[in-house]
1. In region 226-250, which residue that is at pLDDT 80 or above and of a type in the set (G, A, S) is nearest to I216 (Cα to Cα)?
2. Could you please find all residues in region 56-74 being modelled with pLDDT of 95 or more, over 18 Å from the mean Cα position of the chain (by Cα) and not charged (D, E, K, R)?
3. May I ask you to verify whether V260 is farther than 24 Å from F40 by Cβ, assigned to a strand (DSSP E or B) and of a type outside the set (S, T, Y)?
4. If a residue must be polar (S, T, N, Q) and in contact with a His (Cβ under 9 Å, 6 or more places away or on another chain), how many such residues does region 197-247 contain?
5. Being polar (S, T, N, Q) and closer than 26 Å to T74 by Cα is the filter here; which residues of region 192-232 pass it?
6. Within region 209-240, how many residues turn out to be without any contact (Cβ under 8 Å) to a residue 60 or more places away in the chain and either crowded, with 18+ Cβ neighbours inside 10 Å or outside any helix (DSSP H, G or I) (or both)?
7. Would you point out which residue out of F181, F192, F251 is touching a His at 6+ places or on another chain (Cβ under 9 Å), within 30 Å of I92 (Cα to Cα) and either part of a loop (DSSP other than H, G, I, E, B) or not basic (K, R) (or both)?
8. Report the residue count in region 179-208 for those that are buried (at least 20 other Cβ atoms within 10 Å of the Cβ) and of a type in the set (S, T, N, Q).
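The values are calculated or read from the model by the stated rules, or taken from the named source; none is laboratory data. Because the structure is a prediction, the values reported are computed rather than measured. Backbone-built Cβ (ideal geometry, glycine too); neighbour counts: all protein chains shown.
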Amino acid sequence: MRQATADGAEEKRSTRVTLKPGMAWHRRNFLAEVLIPSLFTKRSGERVAPRFPKIRSGEICITWIGHASFLIQTHDRNILIDPNWAKWLKVIKRLKQPGIELHHLPDIDLVLVTHAHFDHLDRRTLRRIASDQPIVVPVGVGSLVHDLGFNIVHELDYWQAVPLDGLKISLTPCHHWGARFLADLHRGFGGFVIEANGRSIFHCGDSAYFPGFKEIGERHDVEIALLPIGAYDPPSGREVHMNPEEAVQAFLELRAKKLVPMHYGTFRLGYEPLDEPLTRLLARAREAGIDHDVLVMTEGQPVVL
């Protein structure tokens, strides 16, 4: 179901990143420096059954699954964002186990997918999760999920929203691209603002830094911001993901209350070491005086806010 634009509101689309590689992309060898060494790296992470706390009305429980995958819980709703339990992204090995086994998940009421890239939209995972509940995706992504077992597919464009059983789900712009293959550049991409019981969570999806974060903060009262901090040194040399310092800047422009870092430590999608993004983020947060606002999560461990 594609949502109509409410009240004739102006639609603004962020600049799609170019597919042209950076000038020096060929000077390094991603295969030799990253992919092959990853094959011989043992996956880390423990397989422990989670202990989900009882959630009272007005509380939000966040569980980081790993990478960009999160379980968000209110007292009466369970929401999955960008669920991905894949061991491989084609030739890229998962280097940290998901924080929760799929069979340990509670019943899922709603699924959100920010864009069609393989590390965010894993059809095999979605097929196992789908049980006749709704899913929300950007415009052009619905064709990838409509046959997986969801009862309705909501496609949103930027600034559009859909109410779902006491929740309000809004799609926000980002500076990225949404093609799953070279020939499907029509697919949309973005982030989500989830509003429930007077609380709000912003999942950025994937994004390079761009001025649009300020507008998101003006349009939405963002309380908790889930922001990507890794894969900022990609093999293509393109600027497609924020670095940790830019994530701090985005947080400040969003005027959010809590920063939860994500999109690091699971897959080697760039040349940077797996532990570098978090080290750089914490250093910049201390410099900016917001270190007390950063919530570093451990995969599989629920946190109630």
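1. Taking the candidates together, the pick is A250.
2. Matches in region 56-74: T74 only.
3. So V260 passes the test.
4. Looking only at region 197-247, we keep the residues that are polar (S, T, N, Q), and these are 197, 200, 207, 236, 243.
Going one step further and asking which of them are in contact with a His (Cβ under 9 Å, 6 or more places away or on another chain), we end up with 197, 200, 207.
Adding up the residues that qualify gives 3.
5. Initial filter on region 192-232 (polar (S, T, N, Q)): 197, 200, 207.
Once the filter is applied, which keeps residues that are polar (S, T, N, Q) and closer than 26 Å to T74 by Cα, region 192-232 yields N197, S200.
6. Looking only at that region, the number is 17.
7. Numbers: F181 fails: touching a His at 6+ places or on another chain (Cβ under 9 Å); F251 fails: touching a His at 6+ places or on another chain (Cβ under 9 Å).
None of the others qualify; the one that does is F192.
8. 2
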